[in-house]
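A.B. asks: The structure follows.
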Amino acid sequence: MALNLADWSKEHIREVFEASTDELSLRAINSTFSRSLAATLNGSPLDFDMLCGLVSAMRKQTLPSTGLRVEWRHADATPDDSSNRNGNFVGEYYIRGIWRAISESEQLVEFERRKKVSARIECGFSSRDNSNSNRRIVKLDIVATDTQIQENR
C-alpha cells in the first residue's frame, strides 16, 4: 500500500539525513527531490545541486559513531485528490548530531538544525506504475536555524 504524503515525506527526509553512507544519502536525495527543484532556504534560491552540497556538508559535521538524527515535530499534508499522489506538505523537524568548533577553540560543540518546510509533491504517474516511486518534491521552501545544544539538557 502506498504511503500518504506526510508519511512519505517523513520517511524520505529521514533517509536523506540518517543514511549510513554518503552514497545512500545521495540516492535518497535523488528519490525524494526533482532535479528541476524550485526551492528557497531562508529566502535565498536553492537548486538541486546546491541542496546536495548542503546535505553533504552537514553530513561531514557529524561524528561517525552517532550520525545525524531526524526528529519530527509535526507533519501535515493536503492531497489534491483521493489518490493521495500529489499535494502540499508542511512540517517541522530538528536534525541532531551536528558538531562544530566554535570560536578559535578546537572543542566541538553540538548543534541542531531546526527546519520548517513547505513543499509541493508531485507524482509522475504512468499506467504501468501505480506505486508512488515517481513521487518527488518539486517545490520547497525552508526556514532553518542552527541552535547550540546546551549540555544540561
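A.B. asks: Sequence gap at least 6, Cα distance under 8 Å: using those rules, report the relative contact order of the chain to the nearest whole percent.
C.D. replies: RCO, the chain: 25 percent.
A.B. asks: For the range 25-135, what is the accessible area per residue in Å², given a 1.4 Å probe and the full set of protein chains?
C.D. replies: Details: 6150 Å² over 111 residues.
With the other protein chains kept in place, the range 25-135 gives 55 Å² per residue.
A.B. asks: If we count every other residue with Cβ under 11 angstrom of Ile121's Cβ, Lys/Arg +1 and Asp/Glu -1, where does the sum land? The partial results should precede the final answer.
C.D. replies: Working: positive: Arg85, Arg120, Arg135, Arg136, Lys139; negative: Asp80, Glu122.
The answer is +3.
A.B. asks: Set the Förster radius R0 to 30 Å, insert the Cβ-Cβ distance between Ser31 and Ala57 as r into 1/(1 + (r/R0)^6), and round the FRET efficiency to 0.05.
C.D. replies: 0.90
A.B. asks: So, one more: What is the log10 of I(q)/I(0) for the chain, computed with the Debye formula using one identical point scatterer on each Cα and no solvent, at q = 0.17 Å⁻¹?
C.D. replies: Here log10 of I(q) over I(0) equals -1.00.
A.B. asks: By a straight-distance test (C-alpha under 19 Å), which lysines pair with Lys10 as possible cross-link partners, with residues fewer than eight away in the same chain excluded?
C.D. replies: Excluding near neighbours in sequence, the set is Lys115, Lys116, Lys139.
A.B. asks: For Arg100 and Asp7, compute 0.36 nm times the residue count separating them, minus their Cα-Cα distance, and round to one decimal in nm. Each step should come with its number before you reach the end.
C.D. replies: Numbers: separation 93, 0.36 × 93 = 33.48 nm, distance 3.11 nm.
Using 0.36 nm per residue and subtracting the Cα-Cα distance, I get 30.4 nm.
A.B. asks: A further question on this structure: Tally the DSSP beta bridges in the chain and give the antiparallel ones as a percent, rounded to 5. Mind showing how you got there, number by number?
C.D. replies: Values: 41 of 46 bridges.
Within the chain, antiparallel bridges account for around 90 percent of the total.
A.B. asks: Over the range 1-51, with every protein chain in place, what whole percent of the accessible area is carbon and sulfur at 1.4 Å, could you tell me?
C.D. replies: Values: 1500 of 2800 Å².
For the range 1-51, the apolar C and S fraction of the accessible surface comes to 54 percent.
A.B. asks: Then there is this: How much length is gained if the chain between Glu71 and Val90 is pulled fully straight, taking 0.36 nm per residue apart and subtracting their Cα-Cα distance, in nm to one decimal?
C.D. replies: Numbers: separation 19, 0.36 × 19 = 6.84 nm, distance 1.48 nm.
Contour length minus Cα-Cα distance gives 5.4 nm.
A.B. asks: Additional query: Work through the residues other than Thr145 whose Cβ is under 12 Å from its Cβ and net out their charges, Lys, Arg +1 and Asp, Glu -1. Walk me through the intermediate numbers first.
C.D. replies: Numbers: positive: Arg113, Arg114, Lys115, Lys116; negative: Glu92, Glu112, Asp146.
Residues near Thr145 contribute +1 overall.
A.B. asks: Quote to one decimal, in nm, the extra length available between Phe48 and Glu23 on full extension: 0.36 nm per residue of separation minus the C-alpha distance between them.
C.D. replies: Numbers: separation 25, 0.36 × 25 = 9.00 nm, distance 1.60 nm.
Working it through step by step, the gained length comes to 7.4 nm.
A.B. asks: For the range 64-119, which whole-number percentage of the solvent-accessible area (1.4 Å probe, protein heavy atoms only) is attributable to carbon and sulfur atoms? Walk me through the intermediate numbers first.
C.D. replies: Working: 1450 of 3140 Å².
Within the range 64-119, the accessible surface is 46 percent carbon and sulfur.
The values are calculated or read from the model by the stated rules, or taken from the named source; none is laboratory data. Given the structure is predicted, the values throughout are model-derived calculations rather than measurements. We place every Cβ from the backbone using ideal geometry, glycine too, and count neighbours over all the protein chains shown. Note: areas computed on protein heavy atoms with side chains; ligands, DNA, RNA excluded. Shrake-Rupley method; radii C 1.70, N 1.55, O 1.52, S 1.80 Å.
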